[in-house]
1. Say we look at the range 95-121 and pick out the residues that are touching a Leu at 6+ places or on another chain (Cβ under 6 Å) and closer than 16 Å to residue 149 by Cβ; which of these is surrounded by the most Cβ atoms within 10 Å (Cβ to Cβ)?
2. Across the range 118-149, which residue is farthest from residue 232 (Cα to Cα) among those that are in a strand (DSSP E or B) and within 14 Å of the chain's Cα centre (by Cα)?
3. In the range 239-275, which residues are touching a Ser or Thr at 6+ places or on another chain (Cβ under 8 Å), at pLDDT 95 or above and more than 20 Å from residue 192 (Cβ to Cβ)?
4. Out of the residues in the range 162-187 meeting the condition of being of a type in the set (A, V, I, L, M) and open to solvent by 20 Å² or more (accessible area, probe 1.4 Å), tell me which one is farthest from the chain's Cα centre (by Cα).
5. Can you work out which of the residues in the range 193-229 that are in contact with an Asp or Glu (Cβ under 9 Å, 6 or more places away or on another chain) and hydrophobic (A, V, I, L, M, F, W, C) is nearest to residue 132 (Cα to Cα)?
6. Does the range 26-51 hold any residues that are under 17 Å from residue 103 (Cβ atoms) and touching an Asp or Glu at 6+ places or on another chain (Cβ under 6 Å), and which are they?
7. Consider residue 45 against the criteria (1) closer than 17 Å to residue 20 by Cα; (2) surrounded by fewer than 22 Cβ atoms within 10 Å (Cβ to Cβ); (3) within 21 Å of the chain's Cα centre (by Cα): it satisfies all of them except one. Which criterion is unmet?
8. Could you say which residue among 135, 152 is out of contact with any Ser or Thr (no Cβ under 9 Å at 6 or more places or on another chain), at pLDDT 95 or above, more than 17 Å from residue 21 (Cα to Cα) and not hydrophobic (A, V, I, L, M, F, W, C)?
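The values are calculated or read from the model by the stated rules, or taken from the named source; none is laboratory data. What you are looking at is a predicted structure, and each value in this text was computed from that prediction instead of being measured. Heads up, the Cβs are rebuilt from the backbone with ideal geometry, glycines too, and the neighbour counts pull from every protein chain shown. Ligands, DNA and RNA are excluded from the accessible area calculation, which covers all protein heavy atoms including side chains. Shrake-Rupley method; radii C 1.70, N 1.55, O 1.52, S 1.80 Å.
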Amino acid sequence: MTKAAAPSAAPPLDTSSGGADARILTIILNYKTPQMTLDCAAAALEQMEELPGEVVIIDNGSADGSYEQLLTTVQARGWLDSGRLRLIASDRNGGFGAGMNIGFRLGLADGSAPEFYYLLNSDAFVQPGAIRALRDFLQATPTAGLVGSYVRGTDGTPHCTAFRFPTIAGEFESSVRTGIVTRLLKDAVVPMEIPTEPTQLDWTAGASLMIRREVIDAVGGFDETFFLYFEETELCHRAAHAGWSTHYLPTSEVAHVGSASTGMKDWQRTPQYWFDSRLHYFLSTHGRAYTVGATLALISGSLLYGLRRLVSDKPASDPPYFLRDLIVHHSRAIFRRRKTQPIETRQIPSQPEEQK
């Protein structure tokens with residue numbers, strides 16, 4: 001169930017499907033980072049000034065006073081009165097995909113669906129022209145269903161957001177961490193060299209990602225079985241099978257703090273939901289036998305790297321107990337029947353069933 005702080009009535013919008021009238025719904029999730037979310041929304045609103053559409057902030061079950069802080073500030077700044085921003089509170093934190101699905105279901109304030117959904121992390125700050133560039137690219141590329149931005153740190157360091165789909169070979173390469181293996185398996189390396197030109201790829205990060213409405217109509221929203229991680233990968237995989245390609249656009253630039261909500265940079269142990277998401281990705285895209293092979297490849301590579309560490313000064317590259325936790329998790333999960341079925345993602349109604 002969600003509750004919404006409703007804006008004043010927005011002026012009627014042209015609902016044509018193309019050109020300068022194509023509308024964008026920018027979706028920002030907040031989870032216990034209200035000030036950062038406000039800064040993110042301010043930058044997004046500035047870049048949306050000359051573009052038709054709206055911004056919606058969804059508090060993803062923070063339960064720490066974030067929604068109240070956000071509400072007080074957006075009211076004080078007059079953002080709700082502008083008709084260009086809404087604030088929604090979800091009563092649970094179902095993860096990134098579940099939060100974004102709320103935005104897909106909401107649509108625009110007049111009840112219609114936008115031509116494009118723009119997904120923006122609360123710790124990502126759009127640079128001038130970034131949103132327009134993504135929209136223009138999708139309009140100019142009819143087979144493109146999703147397009148992501150060039151993402152850099154707030155210190156200017158480039159962040160890799162261009163990827164190949166994970167495979168058995170890619171799992172081995174990423175864990176063995178050996179130059180000769182990387183060269184031999186170069187076409188399976190998941191992180192790509194950061195493109196300097198518009199590039200078609202397998203998947204890109206959801207920190208700054210625009211999706212054509214027809215993609216959501218065709219394949220549904222995010223699979224809410226994923227709590228965090230692998231949800232964008234799987235969505236792009238489904239889109240590719242439905243005939244929609246994913247692209248990377250370096251002229252769209254976003255500054256990104258990174259891991260502000262998840263704390264990934266400071267993990268002392270890999271959380272259970274990461275293992276859950278990895279397992280569900282491989283099972284849902286490749287089946288049980290391939291999943292076993294991918295995990296064995298990851299374990300083998302990690303063991304070989306561990307042997308190298310015994311005779312050299314190679315650093316630890318995984319959180320403590322990673323390999324042990326992976327083996328235990330996989331052994332418990334892969335050979336038992338799942339007690340619950342993945343949440344159905346193909347049907348995305350135009351409005352949530354309950355809203356107050």
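1. Of everything passing the filter in the range 95-121, 119 is surrounded by the most Cβ atoms within 10 Å (Cβ to Cβ).
2. 124
3. Result: 243, 255.
4. Among those residues, the one meeting the criterion is 180.
5. 209
6. Of everything in the range 26-51, just one residue is under 17 Å from residue 103 (Cβ atoms) and touching an Asp or Glu at 6+ places or on another chain (Cβ under 6 Å), namely 30.
7. (1)
8. 152
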